[in-house]
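**Q** This is the structure I want to talk about, given as structure tokens.
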Amino acid sequence: MTLPGLAGVTVVLPAGGRGERLASLARTVNKAALRIGRHTLIGRTLDMYAAAGVRRFSVLVGHRAGSVRRALGDGRRRGLTIRYAMDPPRPVGKGGAIRLALASGAIPAGAPFIVHNPDDQVVNIPRRFPALIWNRHRALARRGAIATAVCVPATDYPYSAFTAGRGGFARGAVMYPRVVMPTHIGVTVFSAEAAADFRRRIPLTRRSDFESVILPGLAVRRRLGLAMIPAGTWIPVNDLKGWKALLAAI
């Protein structure tokens, strides 16, 4: 399989969710349109890919869509193509939103695409990140992968944990143990042929997220690759703790 360079890739930015855990900050805008320094969350992500040569973007909007459109515009002044796909009235989840965008052409047919959740922020390596994950996917695609999940090698479990002893007692306690497993950071690279999996496996009658539907099936079929990035380069901005961590990092 021969894949194009980044100029032939569409970056898909899901920005339709309500972001309820950041509601205290996002009172009048979508979470993706929250300003952090000179940028918004979604603008910072888009700029990272644009600087690497990506020219096509598909933004999946829903809740407070106007704030996302105002944050990004249409991209023409920068030589970018930004297309918007509106979520339907009945929630279909991220998987359904991508399936609909593929059907409408908001995500171009027959071309690879990268799905990047704007609240999954990349720090310390943003200049290298797009080429790093794209080149890794191209290498894996030659061995049969049609999708590549971007991961960090380990992550801190957000709760306290215990080792179980006999008779219902704990033997020990560990605060926030490190889980040494590749952890998906909310970024996935897809070859064009993955569109068929969205059409076949993602329903439009209920909410569906592709991470729990598409990726496990590809893993079973040995069609899912992994692209590892260094620990400490991913900040999930899902709550105020993540927001403060990103502020500190940038």
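**Q** Restricting to segment 209-230, and then to whatever is over 24 Å from L60 (Cα atoms) and of a type in the set (D, E, K, R), can you tell me which residue is surrounded by the most Cβ atoms within 10 Å (Cβ to Cβ)?
**A** R223
**Q** Determine which single condition A145 fails, assuming it passes every other condition in (1) at pLDDT 95 or above; (2) within 27 Å of R35 (Cα to Cα); (3) assigned to a loop (DSSP other than H, G, I, E, B); (4) small (G, A, S).
**A** For A145, the exception is condition (2).
**Q** Another one. Out of (1) under 30 Å from L25 (Cβ atoms); (2) modelled with pLDDT under 95; (3) surrounded by 12 or more Cβ atoms within 10 Å (Cβ to Cβ), what's the single condition that is false for L204?
**A** Here L204 clears every test but (1).
**Q** Can you find even one residue in segment 141-157 that is charged (D, E, K, R), within 29 Å of V61 (Cα to Cα), out of contact with any Gly (no Cβ under 8 Å at 6 or more places or on another chain) and surrounded by fewer than 19 Cβ atoms within 10 Å (Cβ to Cβ)?
**A** no
**Q** If you don't mind, another one. Which residue is farthest from Y49 (Cα to Cα), if the candidates are limited to segment 88-117 and must be part of a loop (DSSP other than H, G, I, E, B) and of a type in the set (A, V, I, L, M, F, W, C)?
**A** V92
**Q** A follow-up question, please. For residues that are surrounded by 19 or more Cβ atoms within 10 Å (Cβ to Cβ), of a type in the set (A, V, I, L, M, F, W, C) and in a helix (DSSP H, G or I), tally how many sit in segment 118-131.
**A** 1
**Q** Within segment 14-39, can you find the residues that are modelled with pLDDT of 90 or more, outside any helix (DSSP H, G or I) and either at positive phi or surrounded by 24 or more Cβ atoms within 10 Å (Cβ to Cβ) (or both)?
**A** P14, A15
**Q** Could you give me the residue pairs with C-beta distances under 8 Å whose first residue belongs to segment 152-172 and is touching a residue at least 12 places away in the same chain (Cβ under 8 Å) and within 30 Å of L132 (Cβ to Cβ), whose second residue is assigned to a strand (DSSP E or B) and not β-branched (V, I, T) wherever it lies, and which are 6+ apart or on separate chains?
**A** Close Cβ pairs satisfying both conditions: V152/M228; V152/W234; P153/M228; A154/R178; T155/R178; D156/R178; Y157/R178.
**Q** Could you check segment 42-87 and list, in sequence order, the residues that are within 23 Å of L22 (Cα to Cα), without any contact (Cβ under 8 Å) to a residue 40 or more places away in the chain and in a loop (DSSP other than H, G, I, E, B)?
**A** The one that is within 23 Å of L22 (Cα to Cα), without any contact (Cβ under 8 Å) to a residue 40 or more places away in the chain and in a loop (DSSP other than H, G, I, E, B): R64.
**Q** Does at least one position in segment 183-201 carry a residue that is free of Cβ contacts under 8 Å to residues at least 40 places away in the same chain, out of contact with any Lys or Arg (no Cβ under 8 Å at 6 or more places or on another chain), of a type in the set (A, V, I, L, M, F, W, C) and exposed (fewer than 14 other Cβ atoms within 10 Å of the Cβ)?
**A** yes
**Q** From the set of residues in segment 160-199 that are among the aromatic types (F, W, Y) and in contact with a Pro (Cβ under 9 Å, 6 or more places away or on another chain), which is modelled with the lowest pLDDT?
**A** Taking the candidates together, the pick is Y176.
**Q** I've got another one for you. Which of the residues that make up segment 213-250 are polar (S, T, N, Q) and modelled with pLDDT of 95 or more?
**A** T233
**Q** Just to confirm my filter: which strands (runs of 3 or more DSSP E) fall fully inside segment 152-250 and include at least 1 residues that are closer than 21 Å to G16 by Cβ?
**A** Here the list reads 183-190, 234-236.
**Q** Report yes if L140 is in contact (Cβ under 8 Å) with a residue 40 or more places away in the chain, in a helix (DSSP H, G or I), over 17 Å from the mean Cα position of the chain (by Cα) and within 17 Å of I214 (Cβ to Cβ), otherwise no.
**A** When the stated conditions are applied, L140 passes them.
**Q** Specify the residue that is modelled with the lowest pLDDT; the eligible residues are those in segment 83-117 that are surrounded by fewer than 19 Cβ atoms within 10 Å (Cβ to Cβ) and of a type in the set (A, V, I, L, M).
**A** Top of the filtered list is A109.
The values are calculated or read from the model by the stated rules, or taken from the named source; none is laboratory data. The shown structure was predicted, so the numbers you read here are calculated from the model rather than taken from an experiment. Note that each Cβ is placed from the backbone with ideal geometry, even for glycine, and that neighbours are counted across all protein chains shown.
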